[in-house]
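Worksheet for the structure shown next.
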Amino acid sequence: MPKPYFNGVFGNLSRHCVSVVVFFLAIIPAFSQVTVSFPTSRIVFQRSQANKASFVVAGTYKQSIPERVEAALTPIHTGQGTPTGWQLLENAPVGGVFSGEISAEGGWYKLEVRLIRNGQVAEMTEVDRVGVGEVFVVAGQSNARGIQNYGASGAVDDRVSCFNYLNSNFEPNELPQPTFSHLNADSYIAPYGYSAWSWGILGDLLVKRLNVPILFYNAALEGTTSRAWRESLYGNASNPYVGGFYGNQLPYSQLRVTLREFASLTGIRAILWHQGESDTGFNIPEDEIVSNLQQIIGQSRNDFGHNLSWVVSRVSFSEKGSNASVINAQNRVIGSVYNVFAGPVTDNIQIPRPDGVHMQGAGLNLLGEAWNNSLTDSFFQSSQPRNPFPIPTFKVSCAGENRVKLSIQANNYPEVNWNQVGGGSREITVENGTYRVKVRDFNGNFVYSPTVEINQQTFEALPKPAIPIISVSGGTSFCEGDQITLSAPEASAYQWSNGSNGRTIDVSETNQYTVRIKDANECWSGPSAVTSTVKNPRPSVPTIIAKGPLEFCNDKNVVLEIENGTTLSTTNSFLWNSGQNATSITVRESGRFSARTVNQYNCFSQFSVPVTVTVHPTPETPVISPSGLVRFCEREAVTLYSNTSSSVLWNNGATSSNLLVRQSGKYSLIATNEHGCVSAPSKEVEVEVSPIPAQPSIEKMGNYILNVKGDYLSDIQFRWNYGAEETITAEKYLKAQKSGPYTVTAFYFLEPGRACSSLTSERFDYVLDVSGNGVNVYPNPSLDGVFLLESFEDLTDVKMQVMDLNGKLILEQETPLLSNSQPLRLTPLPSGTYLLKVRSFGKPIFTKKLLVIR
């Protein structure tokens, strides 16, 4: 039966204990201004089925805020991975810390981090050896845990690593944060692996096959049965060697803490289970072994929150030899539990064994090879790896004077615990010091943040706002009773020198002001430049004097002036409520008028007592409407109507609303209302009264011509009436055609259809005398030598000859028609008697003596 390697309940395992570094440390040049706090050297992150892994890169920097931080992974040796090129971690990180995620394919890398400032690489650092590969947790008993000085071979290949730490006190809940090293022959494999055992050989074989780095954890405990593992799931397990119980919930507590703390950090491919020798030694029944393993596997998956892959070796060989029931139980579990794979068959390795149970030397090499043969390509294709949990990172922001706020960027973890201030808050305000945080998920898995040191350099790397500039609404000089608003730029918070904390303050006194602002990062700026404000006095209220009546018609005005305005205007001006800026104003409209004084500071007094001015409107300009035509004949009239209800005054002095007009002239009127306001004169209406012609008087000229006495204008016509007949002539005479009474009326046309007519003449009784063949000469004798020839009938082709008594032709005249009287002008002839002969077509010759008397 295998012997337990402890004294009493726990063995004395101090001889290989090493100094444990608690905080993450980065491998960086000592002089660098940038450091990487995570990942640490030789860590290996579990790759996905797609041969990729993503993990956080975090660190610190000094000096000013960089534009960005970038990272790149370069294979340590050609062929040991794929270069990533530079990837962005974070833009403009503040507070001296940065973090971001990088992705890479399986490989063994040098991690480089650089800071970019002003478009140039300002600082660089590197972490040597960071892996993306395969991570295994070993569990079981001593042929899994290993024994020192049994000829174990360390890994030859640089890419096989472990956490070289021994949990000698069997701490069940939390172990130191891991630092990784090469897996050497005598390395511990945390938490309880006691040498490289067969895992160094397996690591070399897997690296050679897979070309990715390998990381091992080891939670095995020597001498343990499957029953002890199952019992420790729920409490302390019985110890069949010494009686009593294992302490600290051994052996399962070591697997649980490994999963929750280490596998969560790096991820995991599978648990490699090697256990069965003690089940043979203590005759554990087959069915119980099956149940034990099923419960152990199930609990591990529940505790980790993932369907962990298990690889179960077939092992039973002890001092009693092999046990088919144990092997059957293991095979049954492999065949019945999902995501459980067959491990190596080890009972035939190195038989007989030097101490009866444990393999040594070459046997360990064979064991490593057997494990390699079990971890087939099919296993890697079918098993379900768990990616690393994202570690929490910090954001640093201001929190007042000499304090900063640390905020955890890890929303998926319900439990937070700070190293200095305890648990609970995801955000704390701290002073100088060193801080880290542990976060735990709902399954109890936990990871640590990188450590951050808060010091003066942290404050220097916080983005302080620019010194604010105070803006003023208006000027800094204002009047008594007024106020101005001082405004700071948009920010998260404000501190004014007068104690106010709003973005704006209202100022009404002479004083000096400064302001500080806080930005979104809660950093305070320095104080602004001083803004000085001045309160100026107001002038006295003016008095208004009216220079005339305050009630008048709108064709008048009144002057309002400031009392003593001329004197006061040397240092003041006056602004009226009507908009004028003067010592006096002329008012033509109704209203309440007041003024205020404006002094040299442009400060206004209160308005004066208002003066009320009432301006009455004048009546509307009246309109005259004639009752008829305004051009008419004498003896007629027209009425001019006004359209106003106000009192009226016509320009001829009349005061009636309507005016009867019989005389020519231009007529207009004005209206006066009850306030005595007079309208503008109406538009003139011109009346034209045309005179009637003088009453004509008829006289007889010759035998046949009736003539109108007197002179008439050329546009006068004459209407002759005799009996029932009527004749209109343009001349003053009419050739009477019959005997009887004749009258005549003189008239002229004002316009077509309208005429002015004289009174009708007295009746003239005419007697027709057709003697002398109807031809007559008159006057005869003639005093001036002019005679008129007339005929009763119209004569055509008339030829007139005047001869002396000796028959000498003196005058000869012809006319085609003799209708009216035809003059014969014998003015040159001396007094005497002359002979007239008249010839006409179809008529006898008319002969008449003419007597000229001088």
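The values are calculated or read from the model by the stated rules, or taken from the named source; none is laboratory data. Keep in mind that this is a model prediction, so the values were computed, not measured. Neighbour counts are summed over all protein chains in view; Cβ atoms, including those assigned to glycine, are modelled from backbone coordinates with ideal geometry.
General observations
- Evaluation of Gly423 against the conditions (1) closer than 30 Å to Val530 by Cα; (2) modelled with pLDDT under 80 shows that the sole unmet condition is (1).
- Pairs where the first residue, in the stretch 711-732, is touching a residue at least 60 places away in the same chain (Cβ under 8 Å) and the second is loosely packed, with under 11 Cβ neighbours inside 10 Å, C-beta under 7 Å, 6+ apart: none
For (1) touching a helix residue (DSSP H, G or I) at 6+ places or on another chain (Cβ under 9 Å); (2) buried (at least 16 other Cβ atoms within 10 Å of the Cβ), each residue gets a yes or a no:
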{"position": "Trp310", "(1), (2)": "yes, yes"}
{"position": "Val326", "(1), (2)": "yes, yes"}
{"position": "Ala342", "(1), (2)": "yes, yes"}
{"position": "Asp347", "(1), (2)": "yes, yes"}
{"position": "Ser382", "(1), (2)": "no, no"}
{"position": "Thr393", "(1), (2)": "no, yes"}
{"position": "Ser397", "(1), (2)": "no, yes"}
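- Filter result for Ala50 (at pLDDT 95 or above and within 21 Å of Val135 (Cα to Cα)): yes
- Members of the stretch 447-499 that are of a type in the set (Ser, Thr, Tyr) and surrounded by 19 or more Cβ atoms within 10 Å (Cβ to Cβ): Tyr448, Ser449, Thr451, Thr458, Tyr494
- Pro741 meets the stated requirement of being exposed (fewer than 14 other Cβ atoms within 10 Å of the Cβ) and in contact with an Asp or Glu (Cβ under 7 Å, 6 or more places away or on another chain).
- Residue within the stretch 257-278 that is within 22 Å of Gly368 (Cβ to Cβ), surrounded by fewer than 18 Cβ atoms within 10 Å (Cβ to Cβ) and over 60 Å from the mean Cα position of the chain (by Cα) present: no
- For the stretch 815-831, taking the residues that are within 16 Å of Val777 (Cα to Cα) and not polar (S, T, N, Q), the one that is surrounded by the fewest Cβ atoms within 10 Å (Cβ to Cβ) is identified as Pro823.
- Some residue of the stretch 211-230 being outside any strand (DSSP E or B), among the aliphatic types (A, V, I, L, M) and over 29 Å from Trp108 (Cβ atoms): yes
- When restricted to residues that are outside any strand (DSSP E or B), within 19 Å of Ser103 (Cα to Cα) and at pLDDT 90 or above, the stretch 372-397 contains 4.
- Selection status of Asp769, under 30 Å from Arg854 (Cα atoms) and in a loop (DSSP other than H, G, I, E, B): yes
- Scoring Ala237 on the criteria (1) within 19 Å of Phe163 (Cα to Cα); (2) without any contact (Cβ under 8 Å) to a residue 24 or more places away in the chain leaves a single failure, condition (1).
- Which listed residue, of Lys464, Lys438, is under 31 Å from the mean Cα position of the chain (by Cα) and within 30 Å of Asn419 (Cα to Cα): Lys464
- Candidates Val447, Val416: the one that is part of a strand (DSSP E or B), over 15 Å from Glu522 (Cβ atoms), in contact (Cβ under 8 Å) with a residue 60 or more places away in the chain and not assigned by TED's automatic domain parsing to the domain that holds Val97 is Val447.
- Taken together, Ser656, Ser625, Ser646 contain a single residue that is surrounded by 13 or more Cβ atoms within 10 Å (Cβ to Cβ), among the polar types (S, T, N, Q) and more than 60 Å from the chain's Cα centre (by Cα), which is Ser646.
- Long-range neighbours under 6 Å by Cβ, at least six apart or interchain, first residue assigned by TED's automatic domain parsing to the domain that holds Gln600 within the stretch 528-540, second buried (at least 19 other Cβ atoms within 10 Å of the Cβ) and basic (Lys, Arg): none
- Evaluating Asn501 against the criteria (1) without any contact (Cβ under 8 Å) to a residue 12 or more places away in the chain; (2) among the polar types (S, T, N, Q); (3) farther than 28 Å from Cys398 by Cα leaves one unmet condition, (3).
- Restricting the stretch 56-65 to residues that are buried (at least 24 other Cβ atoms within 10 Å of the Cβ) and hydrophobic (A, V, I, L, M, F, W, C), the residue that is modelled with the lowest pLDDT is Ala58.
- Filtered residues of the stretch 793-818 (kept if touching a Leu at 6+ places or on another chain (Cβ under 8 Å) and closer than 22 Å to Thr729 by Cβ): Asp794, Leu795, Thr796, Val798, Leu817, Leu818
- From the options Leu210, Leu221, Leu233, Leu205, residue that is surrounded by fewer than 23 Cβ atoms within 10 Å (Cβ to Cβ), in contact with a helix residue (DSSP H, G or I) (Cβ under 8 Å, 6 or more places away or on another chain), within 19 Å of Leu364 (Cα to Cα) and not polar (S, T, N, Q): Leu205
- Within the stretch 468-495, the set of residues being part of a loop (DSSP other than H, G, I, E, B), modelled with pLDDT of 90 or more and of a type in the set (S, T, N, Q) comprises Ser473, Thr476, Gln483.
- Every residue from the stretch 768-814 that is loosely packed, with under 15 Cβ neighbours inside 10 Å, touching a strand residue (DSSP E or B) at 6+ places or on another chain (Cβ under 7 Å) and of a type in the set (Ser, Thr, Tyr): Thr796
- Boolean, Val623 is at pLDDT 95 or above and farther than 30 Å from Trp576 by Cα: yes
Conditions tested, residue by residue: (1) assigned to a loop (DSSP other than H, G, I, E, B); (2) polar (S, T, N, Q); (3) in contact with a Cys (Cβ under 8 Å, 6 or more places away or on another chain).
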position: Glu793; (1), (2), (3): yes, no, no
position: Thr796; (1), (2), (3): no, yes, no
position: Gln801; (1), (2), (3): no, yes, no
position: Pro816; (1), (2), (3): no, no, no
position: Tyr834; (1), (2), (3): no, no, no
